[in-house]
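Taking it in order: structure first as structure tokens, then the write-up.
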Amino acid sequence: MSAKLKSVCVNCASSPGVHPEYVEASRELGTLLAQRGISLVYGGSNVGLMGEIADAVLSHGGDVFGVITEELNNKVGHKGLRELQVVPTMHERKTKMFQLSDGFIVMPGGLGTLEEAMEVLTWAQLGLHSKPVGFLNIRGYFDRLMDFLDHAVDQRFLKKEHRQMILIAENPNQLLADMEAYIPTSMEKWVDRK
């Protein structure tokens, strides 16, 4: 059974990045989410790609749910959100975003973005959820990460089937279509069992 997306958590940078295509893709994705009636769940910030996607959803009449820690809210909290939940810790922030989301989109970002992506992928690998996880590969940003994951399969540290559950597309429209068509696989995580 494919995934019906009512809400999507987008993990992305609190920086706009070097290339304007990153900002353009954030705005395009935000516009598509609003047009399709898919709520945005994100980290509640008003800066970088995070702020861009939230503003795009809002400007097209969509719903945005921000989740942020109190410390970050004092610095970069988005003041234009109707729904902004302030939580004590980063762990609670990630848990709440997970609970609110039917799927996950990973956009260009740094350590925090990758950490959030790897956590939800690990949970999927362990069978804790079957929500789709997709990478928006703007300007080939995630090419080297995908090469590394292929290397992990070659070295027998990652099952091919778990590698294949990671969706990737170069444009938001295709990625959303792939996520809506996603059919999860169920299997043990262990590559080798004695």
Name the residues in the range 130-154 that are under 16 Å from Gly17 (Cβ atoms), in a helix (DSSP H, G or I) and among the hydrophobic types (A, V, I, L, M, F, W, C), would you?
Ile138, Leu145
May I ask you to say which residue of Gly37, Gly61 is of a type in the set (Gly, Ala, Ser), at pLDDT 95 or above and either touching a helix residue (DSSP H, G or I) at 6+ places or on another chain (Cβ under 9 Å) or within 27 Å of Thr185 (Cβ to Cβ) (or both)?
Gly61
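Somewhere in the range 66-89, is a residue among the β-branched types (Val, Ile, Thr), free of Cβ contacts under 8 Å to residues at least 60 places away in the same chain and closer than 20 Å to Pro172 by Cβ?
Here is the first cut: in the range 66-89, the residues among the β-branched types (Val, Ile, Thr) are 67-69, 76, 86-87, 89.
Retained after the next criterion (residues that are free of Cβ contacts under 8 Å to residues at least 60 places away in the same chain): 67-69, 86-87, 89.
If we keep only those that are closer than 20 Å to Pro172 by Cβ as well, we get none.
The answer is no; no qualifying residue exists.
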Check Gln125 against each of (1) over 24 Å from Leu58 (Cα atoms); (2) modelled with pLDDT of 95 or more and name the one condition it does not meet.
(2)
Selection over the range 4-23 where residues are within 21 Å of Met179 (Cα to Cα) and over 15 Å from the mean Cα position of the chain (by Cα) yields a count of 1
So the check is Cβ under 6 Å with 6+ separation or different chains; which pairs have a first residue in the range 50-61 that's within 12 Å of Glu28 (Cα to Cα) and touching a residue at least 40 places away in the same chain (Cβ under 8 Å) and a second one that's among the β-branched types (Val, Ile, Thr) and surrounded by 21 or more Cβ atoms within 10 Å (Cβ to Cβ)?
Ile53/Val10
Please work out which one of (1) under 15 Å from Gly134 (Cα atoms); (2) surrounded by fewer than 21 Cβ atoms within 10 Å (Cβ to Cβ) is the condition Asn73 fails and give its number.
(1)
Under the condition of being within 14 Å of the chain's Cα centre (by Cα) and in a strand (DSSP E or B), which residue from the range 32-63 is farthest from His91 (Cα to Cα)?
Ser39
Answer yes if at least one residue in the range 134-150 is exposed (fewer than 15 other Cβ atoms within 10 Å of the Cβ) and in contact (Cβ under 8 Å) with a residue 40 or more places away in the chain, and no otherwise.
yes
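Does Phe157 satisfy the condition of being part of a loop (DSSP other than H, G, I, E, B) and exposed (fewer than 15 other Cβ atoms within 10 Å of the Cβ)?
Details: part of a loop (DSSP other than H, G, I, E, B): yes; exposed (fewer than 15 other Cβ atoms within 10 Å of the Cβ): yes.
Criteria met by Phe157.
In this structure, does Leu29 turn out to be touching a residue at least 40 places away in the same chain (Cβ under 8 Å), out of contact with any Lys or Arg (no Cβ under 6 Å at 6 or more places or on another chain), under 30 Å from Ser186 (Cα atoms) and outside any loop (DSSP other than H, G, I, E, B)?
Numbers: touching a residue at least 40 places away in the same chain (Cβ under 8 Å): yes; out of contact with any Lys or Arg (no Cβ under 6 Å at 6 or more places or on another chain): yes; under 30 Å from Ser186 (Cα atoms): yes; outside any loop (DSSP other than H, G, I, E, B): yes.
Answer is yes for this residue.
Take the conditions assigned to a loop (DSSP other than H, G, I, E, B), at negative phi and either among the hydroxyl-bearing types (Ser, Thr, Tyr) or over 16 Å from the mean Cα position of the chain (by Cα) (or both) and apply them to Leu81. Does it pass?
Details: assigned to a loop (DSSP other than H, G, I, E, B): yes; at negative phi: yes; either among the hydroxyl-bearing types (Ser, Thr, Tyr) or over 16 Å from the mean Cα position of the chain (by Cα) (or both): yes.
Here the answer is yes, as Leu81 does meet what is asked.
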Looking only at the range 34-49, and only at residues there that are in contact with a Ser or Thr (Cβ under 9 Å, 6 or more places away or on another chain), without any contact (Cβ under 8 Å) to a residue 60 or more places away in the chain and of a type outside the set (Ser, Thr, Tyr), the one that is surrounded by the fewest Cβ atoms within 10 Å (Cβ to Cβ):
Val47
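The values are calculated or read from the model by the stated rules, or taken from the named source; none is laboratory data. Here the structure is a predicted model, which means the values were calculated and not measured. For neighbour counting, all protein chains shown are included, and Cβ atoms are generated from backbone atoms with ideal geometry for every residue, glycine included.
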